[in-house]
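J.: Take a look at this one; I'll ask things after.
The values are calculated or read from the model by the stated rules, or taken from the named source; none is laboratory data. Since the structure is predicted, the reported quantities are computational estimates derived from the model, not experimental observations. Cβ atoms come from the backbone with ideal geometry, glycine included; neighbour counts cover every protein chain shown.
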Amino acid sequence: MYFYIGMSLEWQIGKVVSIIDETHNTRRFFIETPSAEPFVFKPGQFVTLDLPIHEKKNKRWRSYSIASAPDTTNLFELVIVLVEDGLGTNHLFKNVVVGDDIVFRGPAGVFTLPEHIDHDLYMICTGTGIAPFRSMIHHIYNHQIETKNIYLIYGTRQQSDLLYYKEMTEFQDQLPKFKYIPVLSREQWDGKKGYVHDVYKELCAGDPNANFMLCGWKNMIDDARHQLEEMGYDKKHVHFELYG
C-alpha cells in the first residue's frame with residue numbers, strides 16, 4: 001500500500017481558468033497556481049482543496065488526484081465526479097465558475113509512477129480513479145520513458161461514462177508497450193464486458209513478477225487485493241489509493 005505523506009505544505013490561492021463537462025456527472029477543472037513558475041509534482045500525486053462548506057477546517061478539505069502531467073506551465077487539472085450527497089463536489093459543481101479563486105495545498109502523496117518499470121505493470125481503476133494513471137501515461141509519452149508492458153484496465157458502467165476514451169485509445173498507437181482496456185459493466189458493446197477483475201486475472205496469469213497499481217472505489221480495491229493475494233502475489237507488488 002502507498003500511504004499519504006503528512007502535508008505540512010502551505011495553503012495557496014489558485015485560480016480556476018477553465019471548466020469542461022467531460023461526462024454527464026464529471027467535470028475537468030483547470031487551476032492556475034499563484035506562481036508563474038512551473039507547478040512541480042510527481043505523476044500520481046494529489047492536491048487538497050479547502051472548500052467553504054463547513055466551519056471546521058478538517059471538514060472542508062477534499063483531496064483529488066492530479067489528472068494532468070508535469071509540464072512547463074503553472075496549470076494542473078482535476079477531474080471530479082459529482083457525488084449526490086457530497087458537500088465538496090456539490091459546491092464545486094454548483095458554485096465554482098471560471099475566474100474564481102480556490103484554496104489548495106500540495107502536491108502530496110506517494111502513489112506515484114515507479115522510477116523504473118522493469119516488470120509488466122497493471123494500472124487498474126474505476127471512475128475518476130483514472131486520473132493519476134492519465135498523469136503517468138502522459139509523462140511516459142512526453143519523456144519517451146522505456147517500460148515493460150503497461151495495461152490500463154478501466155472499469156465503468158457505460159460507454160458514455162468513459163473518461164479520456166479517445167485520448168487513451170490514441171496512446172495505444174503512440175506507445176507500443178501501452179494497452180488500454182476499458183470494461184463496461186452495464187452496457188453491451190464491442191469491447192470488454194463485466195468487471196475489471198476477470199480482465200487482469202486473465203492477462204497476468206503465469207506472470208509472477210507483475211506489479212499492480214489500483215485506484216478507485218473501495219469495493220473494487222478490496223476485491224482486487226483479495227484476488228491478487230489468492231493468485232499468490234506479494235503485497236509489496238500491489239499498490240493502491242482509495243477514493244471515497
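J.: Considering only segment 122-130, I want to know if a residue exists there that is free of Cβ contacts under 8 Å to residues at least 40 places away in the same chain, outside the structural domain of residue 75 (by TED's automatic domain parsing) and either β-branched (Val, Ile, Thr) or over 14 Å from residue 212 (Cα atoms) (or both).
T.: Among the residues of segment 122-130, not one is free of Cβ contacts under 8 Å to residues at least 40 places away in the same chain, outside the structural domain of residue 75 (by TED's automatic domain parsing) and either β-branched (Val, Ile, Thr) or over 14 Å from residue 212 (Cα atoms) (or both), which makes the answer no.
J.: Residues in segment 88-95: is at least one in the same structural domain as residue 18 (by TED's automatic domain parsing) and among the hydroxyl-bearing types (Ser, Thr, Tyr)? Reasoning before the result, please.
T.: Of segment 88-95, the ones in the same structural domain as residue 18 (by TED's automatic domain parsing) are 88-95.
When the remaining residues are screened for being among the hydroxyl-bearing types (Ser, Thr, Tyr), the result is 89.
There is at least one residue in segment 88-95 that is in the same structural domain as residue 18 (by TED's automatic domain parsing) and among the hydroxyl-bearing types (Ser, Thr, Tyr).
J.: Please go through segment 49-60 and pick out each residue that is surrounded by 18 or more Cβ atoms within 10 Å (Cβ to Cβ) and assigned to a strand (DSSP E or B).
T.: Matches in segment 49-60: 49 only.
J.: Identify, from the list 170, 241, the residue that is over 19 Å from residue 129 (Cα atoms) and of a type in the set (Asp, Glu).
T.: Step by step, each of 170, 241 is checked, and only 170 is over 19 Å from residue 129 (Cα atoms) and of a type in the set (Asp, Glu).
J.: Being under 22 Å from the mean Cα position of the chain (by Cα) and among the charged types (D, E, K, R) is the filter here; which residues of segment 9-39 pass it?
T.: Passing the criteria: 15, 21, 22, 27, 28, 32.
J.: Moving to a separate point now. Just to confirm my filter: which helices (runs of 4 or more DSSP H) fall fully inside segment 134-244 and include at least 1 residues that are in contact with a Ser or Thr (Cβ under 9 Å, 6 or more places away or on another chain) and touching a residue at least 12 places away in the same chain (Cβ under 8 Å)?
T.: By residue number, 196-204, 218-230.
J.: Within segment 21-48, can you find the residues that are farther than 21 Å from residue 142 by Cβ, assigned to a strand (DSSP E or B) and not hydroxyl-bearing (Ser, Thr, Tyr)?
T.: Once the filter is applied, which keeps residues that are farther than 21 Å from residue 142 by Cβ, assigned to a strand (DSSP E or B) and not hydroxyl-bearing (Ser, Thr, Tyr), segment 21-48 yields 21, 22, 27, 29.
J.: While we're looking at this one, here's another question. When you scan segment 214-233, how many residues do you find that are in contact with a helix residue (DSSP H, G or I) (Cβ under 9 Å, 6 or more places away or on another chain) and over 10 Å from residue 129 (Cβ atoms)?
T.: Matching residues across segment 214-233 total 8.
J.: Just a yes or no: is a residue in segment 68-85 among the hydroxyl-bearing types (Ser, Thr, Tyr), outside any loop (DSSP other than H, G, I, E, B) and touching a strand residue (DSSP E or B) at 6+ places or on another chain (Cβ under 7 Å)?
T.: Within segment 68-85, not a single residue is among the hydroxyl-bearing types (Ser, Thr, Tyr), outside any loop (DSSP other than H, G, I, E, B) and touching a strand residue (DSSP E or B) at 6+ places or on another chain (Cβ under 7 Å).
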